[in-house]
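Written out below as structure tokens is the structure these notes cover.
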Amino acid sequence: MTSVPVPHLVRTPPARSIRSELTREARRWDVRPTDFLRFVVRHPARTTKLMPKALVHKEVVPTVFHIVFGETATATLHRQKSVTRRKWAEMEGPRQIVLLVAKEVNGKIVSIYKTVSR
């Protein structure tokens, strides 16, 4: 048995309120969201019993985290409709992928951070 919390992918999409909040936050970070993933964090019972109660309180421990895939909104604004996809790919170069990782505790988004591919 392991003493490390383990994330599990959840196939059901996030609730509308969470999804709209993630979309709103993505726009604040200048990201156009394309896909959402949701993971539930399962904490082993043995570990939580050994830890101090203040550290294991339900309001402190993240229960779910969301990953928002997207691309920068400024890159999508500059696209011209008259240019074919192939030519646009040649002009644009490699596509930059942006990830937003959001931690959820008790149904509320607590923190969000942004990661960008090279």
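Values quoted throughout were computed directly from the atomic coordinates according to the rules given, and no laboratory measurement underlies them. All of these numbers come straight from a predicted model, not from anything done at the bench. With ideal geometry, Cβ positions are generated from the backbone for all residues, glycine too; neighbour counts draw on all protein chains shown.
Details
- GLU71 paired with VAL105, simple spin-label distance in nm, labels 7 Å along Cα-to-beta-carbon: 3.6
- For peptides 5-15, 31-41, 62-72, 103-113, sequence by mean Cβ density within 10 Å, most packed first: 62-72, 31-41, 103-113, 5-15
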